[in-house]
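Input: a single structure, listed below in structure tokens.
Derivation of every value follows stated rules applied to the coordinates shown; laboratory data play no part. For clarity, every value in this text was computed on a predicted model and none was experimentally measured. Here the Cβ positions follow ideal geometry from the backbone for every residue, glycine too, while neighbour counts run over all protein chains shown.
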Amino acid sequence: MPDERVTVRTESDIVVARQLGRALASRLGFSATDLTLVATAISEVARNIVAYAKSGEIVVSLADDGSRQGIRIMANDEGPGIRDIAQAMQPGYSSSDSLGLGLPGTRRMMDEFQISSDVGKGTRITMTKWKP
């Protein structure tokens with residue numbers, strides 16, 4: 001199954017990315033609860049792209065480690081980057097006027113979550129949800 005990509009610049013792109021991830025997770029047989037978690041996680045990282053980087057990409061693909069299958073989501077942008085990832089991952093921290101639940105909440109929703117960022121160059125998030 002080839003990777004599916006969505007360029008993210010607007011609120012409507014967030015919806016497209018969320019629907020794409022939910023559809024793949026559904027084809028893999030994820031539960032209704034996990035479908036919601038996948039869609040919500042995609043919404044959060046895509047919303048950050050729109051809010052902070054203005055443009056980026058969500059890549060949705062099949063994850064397979066030989067003994068289980070899942071969905072892998074990569075969010076990439078060339079925005080301002082995150083100066084302090086540890087701080088950004090703290091519940092309640094926000095660089096805007098939000099509740100500060102996005103990245104920490106997304107990490108809790110997914111089974112695997114990695115983030116890297118270079119100030120002035122952008123941010124890359126890779127997250128995986130495994131099918132139980």
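Remarks
- Taking 29 Å as the straight-line reach from the Cα of K121, the lysines in range (excluding those fewer than 8 positions away in the same chain) are K54, K129.
- A51 paired with Q114, simple spin-label distance in nm, labels 7 Å along Cα-to-beta-carbon: 2.5
- Close amide H pairs (under 5 Å, H built 1.01 Å from N) link K131 with Q69, G70, I71, residues at least 5 positions away or on another chain.
- Debye, to nearest 20: dipole size of the chain, +1 on Lys, Arg Cβ, -1 on Asp, Glu Cβ: 180
- Spin-label model, A32 to L62: label points 7 Å out along the Cα-to-beta-carbon direction sit 2.7 nm apart.
- Under 13 Å, Cβ to Cβ, from L20 - net charge with Lys/Arg +1 and Asp/Glu -1: +1
- Along the axis of the charge dipole computed for the chain (Cβ charges of +1 for Lys and Arg, -1 for Asp and Glu, origin at the Cα centre), the listed residues S26, P104, G92 are led at the positive end by S26.
- The spread of Cα positions in the chain, taken along each principal axis and listed from longest to shortest, comes to 37, 26, 24 Å.
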